[in-house]
Each structure stands twice: as structure tokens, then as C-alpha cells.
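The values are calculated or read from the model by the stated rules, or taken from the named source; none is laboratory data. Here the structure is a predicted model, which is why all the values come from computation and not from measurement. Every residue, glycine as well, gets a Cβ built from its backbone with ideal geometry; the counts of neighbours run over all protein chains shown.
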Amino acid sequence: MKAEIKIALILGVGIAIAVGIISVLFSSLDAEFESTTNLENGNNSVNLIDKSKFKMAPDLVGIAHYLNTTPKQLASEMEGKVVLYDIWTYSCINCIRTLPFITTWNDKYSDEGLLIIGIHSPEFEFEKDKKNVELAIAKHGITYPVVMDNEWETWNAFENRYWPRKYIADHEGFLRYDHIGEGAYQETEKIIQQLLEERSVSLGLQIASAESLVEIEEFEHTSFRTPELYFGYSLAQGRNQLGSEEGFNQNKITKYDEPDNIQLHKFYPVGEWLNLEEGMRLELESGSVKVLYHAKEVNIVTANQAQLEIFLDGVPIDEKFSGEDIESGNNITVVEPDLYNIIKSEKPATHELEIKIKGKGFELYSFTFG
């Protein structure tokens, strides 16, 4: 082959390679420009999410009272926000345990486009009282809007059946997340971060860098524990939790005698108690309740003022078992309708609990265990 031909071939190959490199370079630049343009115009993958499978968040309906907000203010705040709907009620221990996480998320993300709305759907009649709910939100440091869903109209609009329950809607109002009960806090917060990022991209806002997740110690439940015990004849239907031979007598005063022996997971009132739909009311100046339980924590839901003495296995409760609401020794004063923590220990165990009560008109609604 002649030298001239060889030189021509070499030059041709070199030119082809150069053209290829330049082509790839320009393609890369075009892709980068297109990607940047799409981000600026909100046309990235966020906008390609198929939302046809998601439901829209229902309207807040049947609201009796607006706390920390007004109807007009709340409607304005909801526009274009990622909204976390927290369905709760203030005497529910499972709801109470979630509140430190929710209030912290409010502090952390409210300036980035998150709006939290507490939907207070009551379990007991006294939870429909505005003053009681106001005391509860002050007690738990809740500054975000709370709406009182006294007749469960919003509860039903969400087709809900549980306390607590968290729904999260994206900035367009589509429900993108649903969690029942306690737990899954990191998963929930990651969803909040994801939906806030989607909102920022869609609205052409600056995207904040990924933040670390909230670290709060979670309550560790006892795997085998006494179930919630209800004192109201309506709520207790089908549960077989009242151990006394006298049983329930709807809307009647019943004299309950001291039991000869007690069974695990059942409660035994002593004295004269009026059987009500939601609880029992003490009709004399004094009375008591006994329960054999297995758990590490015991809470009671009560109403009306009374002095309580707490005994564990026949003796005044020891300090190592005293709950957060025990005032001194084994005594506790209950005033407003609320949940009171009477026993708190590190390890679950089986104990006989006795509560001696002084206070005619005292009402007892439920025991909950952890």
C-alpha cells in the first residue's frame, strides 16, 4: 500500500474518532441542559407520578370547634401544603405516645411546607368538651391546628376505624400515606421529606438538603399484656371483662361484693356503682376496684374529683412501680377528666392491683396496659 493511502486512512480514522467524541460531548451537554430546564419548569420525574390510584383527602366536615386556628385561616393554610392528618383523642394512651413525634415534626418542617392538623374524634362523651381538649393540647405542647370532630363526621369521611391514625396528603391533596397506631416513625418522616421535596420541585422552590430523622425513644410494648378493660356496659359488650358475679345492670345502681378470688385480665368493682353506657360511677363516699393484670404499665381514664390510694399485691405501691401521676406515697388526686398513669415499671409482670377510692360521683371508664 502506498504511503499516501496509509496517511489518508489514518487521518480519516482520526477525524471519525474526533467527530464521535464531539458528538458525545454535545449530547451530554444537551442532556444536562434538558434536565436543568425540566427541573426549572417542574417537568422532572416528580410530575410523571401516576396519581390515578390515590384518593383525594376528604374535606373536614362536621367540625364543632377550631383550636389554634379559625376555619378561614385553616383553609388558607392548607392550600399547596403537604398535610399530615392525625386522628386522635386525648385520653387514648396510644395517641399520647405519638404526640412527641408529631409536635417535633411540626417544629422541624412547618416552615418547609408541612401542615399538621389534629382531628380530635372523641371516644368518651367528656372528650367533646372544648375546655377539656384545650387543657390537653396545652399539656402536650400542641401548637398546630386541632379540629374537634365531635360527631365523627370527618372520621367517617376518612373511613377510619382506629386511634391513632395518620394520613399524609401531598401538596395537590392526594392521600399518599396511611399508618394505623403507634410506631413507624422513621418511615413516616421519610414520607414527609419525600412529599416536601416533590412540592419544592413542583413549585420551583429551592430543595432543602436531606435532614436527619428525629430521634425520640419509642415506648416498647409488652408482647403479652392485659387488654384494655372497659367499665361501660356498651363498650364492654362481648368482651367478658367484668369478673364480678353481679355483672352489668344497665343504668342501675349495683352493689358489688368483695370477690373471693380474682382472675387474670378481669376487673372487680367493690361497693355501690351506677352502670353507665361509657363507665361506672361510685354512688357512695368510698369504694374500690381490683384487677389482676400482666404488663409493665397501667393507666386509668377517669372523671370527677376523688382521692385514690394505689396498692400492689396487698401493700401500698412501692416507688419503683409508681406511675408519673402518683403524687406522694401511694396517693393520687384526680380532678379533670383525663388519663392518669398509675403504674410504671421496667419489666412486665403479673400483679394484683387495688385502687381504694374516696369521692362520691367518681367515674371510671377504662384501664389500659403497656
Subject >> Residue count for region 328-350, restricted to those that are hydroxyl-bearing (Ser, Thr, Tyr) and surrounded by fewer than 17 Cβ atoms within 10 Å (Cβ to Cβ) >> reply: 3
Original post:
Does any residue of region 65-84 turn out to be in contact (Cβ under 8 Å) with a residue 60 or more places away in the chain, touching a strand residue (DSSP E or B) at 6+ places or on another chain (Cβ under 7 Å), over 24 Å from Gly181 (Cα atoms) and hydrophobic (A, V, I, L, M, F, W, C)?
Top reply: yes
**OP:** Confirm whether Tyr167 is assigned by TED's automatic domain parsing to the domain that holds Glu198, over 23 Å from Tyr109 (Cβ atoms) and hydroxyl-bearing (Ser, Thr, Tyr).
**Re:** no
Original post:
Give me the pairs: first residue in region 310-323 and without any contact (Cβ under 8 Å) to a residue 60 or more places away in the chain, second residue outside any strand (DSSP E or B), beta-carbon distance under 6 Å, and six or more apart or on different chains, which are they?
Top reply: Ile310/Ile317; Ile310/Asn330; Leu312/Phe321; Pro316/Asn330; Ile317/Asn330
**OP:** Scan region 252-276 residue by residue and report those that are in contact with a His (Cβ under 9 Å, 6 or more places away or on another chain) and more than 15 Å from Ala236 (Cβ to Cβ).
**Re:** Leu264
Original post:
What do you reckon, is Ile357 part of a loop (DSSP other than H, G, I, E, B) and crowded, with 20+ Cβ neighbours inside 10 Å?
Top reply: no
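Show me the strands (runs of 3 or more DSSP E) entirely contained within region 55-128 in which 1 or more residues are over 30 Å from Gly232 (Cβ atoms), β-branched (Val, Ile, Thr) and in the same structural domain as Val147 (by TED's automatic domain parsing). Can you show your working first?
On the way: elements: 65-67, 82-88, 114-120.
The strands (runs of 3 or more DSSP E) meeting that bar are 82-88, 114-120.
How about region 230-247: which of its residues are more than 21 Å from Val298 (Cβ to Cβ) and surrounded by fewer than 17 Cβ atoms within 10 Å (Cβ to Cβ)?
Filtering region 230-247 for residues more than 21 Å from Val298 (Cβ to Cβ) gives 233-234, 237-238, 245-247.
Once the filter is applied, which keeps residues that are more than 21 Å from Val298 (Cβ to Cβ) and surrounded by fewer than 17 Cβ atoms within 10 Å (Cβ to Cβ), region 230-247 yields Ser234, Gln237, Gly238, Glu245, Glu246, Gly247.
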**OP:** Mind counting the residues in region 255-303 that are polar (S, T, N, Q) and crowded, with 18+ Cβ neighbours inside 10 Å?
**Re:** 4
**OP:** Being small (Gly, Ala, Ser) and touching a Pro at 6+ places or on another chain (Cβ under 9 Å) is the filter; apply it to region 210-246 and report the residue that is nearest to Thr350 (Cα to Cα).
**Re:** Ser223
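Scan region 91-126 for residues that are within 14 Å of Trp163 (Cα to Cα) and either touching a Pro at 6+ places or on another chain (Cβ under 7 Å) or crowded, with 21+ Cβ neighbours inside 10 Å (or both) and jot them down. Explain how you work it out, then say what you get.
The initial filter retains those residues of region 91-126 that are within 14 Å of Trp163 (Cα to Cα), namely 91-99, 118-124.
Of everything in region 91-126, those that are within 14 Å of Trp163 (Cα to Cα) and either touching a Pro at 6+ places or on another chain (Cβ under 7 Å) or crowded, with 21+ Cβ neighbours inside 10 Å (or both) turn out to be Ser91, Cys92, Asn94, Cys95, Ile96, Thr98, Gly118, Ile119, His120, Ser121, Pro122, Phe124.
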Original post:
Going through region 310-364 one residue at a time, which ones are under 27 Å from Trp273 (Cα atoms) and of a type in the set (Phe, Trp, Tyr)?
Top reply: Phe311, Tyr340, Phe362
Original post:
So which residues in region 129-154 are surrounded by fewer than 22 Cβ atoms within 10 Å (Cβ to Cβ) and either assigned to a helix (DSSP H, G or I) or in contact with a Pro (Cβ under 7 Å, 6 or more places away or on another chain) (or both)?
Top reply: Lys130, Lys131, Asn132, Glu134, Leu135, Ile137, Ala138, Lys139, Asn150, Glu153
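Within region 256-303, how many residues are among the aliphatic types (A, V, I, L, M) and closer than 18 Å to Phe224 by Cβ? Give the derivation first.
Taking region 256-303 and keeping what is among the aliphatic types (A, V, I, L, M), we get 262, 264, 270, 274, 276, 280, 282, 284, 289, 291-292, 295, 298, 300-301, 303.
Now drop any that are not closer than 18 Å to Phe224 by Cβ, which leaves 264, 291-292, 295, 298.
Residues that pass the stated criteria total 5.
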Original post:
From Glu309, Glu319, which residue is touching a strand residue (DSSP E or B) at 6+ places or on another chain (Cβ under 8 Å) and either loosely packed, with under 14 Cβ neighbours inside 10 Å or not hydrophobic (A, V, I, L, M, F, W, C) (or both)?
Top reply: Glu309
Original post:
Taking the stated definitions as given, is Thr69 surrounded by fewer than 21 Cβ atoms within 10 Å (Cβ to Cβ) and either farther than 16 Å from Asn150 by Cβ or aliphatic (A, V, I, L, M) (or both)?
Top reply: yes
**OP:** Return a yes/no flag: does region 68-86 have any residue that is closer than 30 Å to Val298 by Cα, modelled with pLDDT of 95 or more and not aliphatic (A, V, I, L, M).
**Re:** yes
Original post:
Can you name every residue in region 189-213 that is in contact with a Phe, Trp or Tyr (Cβ under 7 Å, 6 or more places away or on another chain) and either in contact (Cβ under 8 Å) with a residue 40 or more places away in the chain or not assigned by TED's automatic domain parsing to the domain that holds Met78 (or both)?
Top reply: Glu189, Ile192, Leu196
Subject >> Residue list for region 183-213, restricted to those being surrounded by fewer than 17 Cβ atoms within 10 Å (Cβ to Cβ), aliphatic (A, V, I, L, M) and in a helix (DSSP H, G or I) >> reply: Leu203
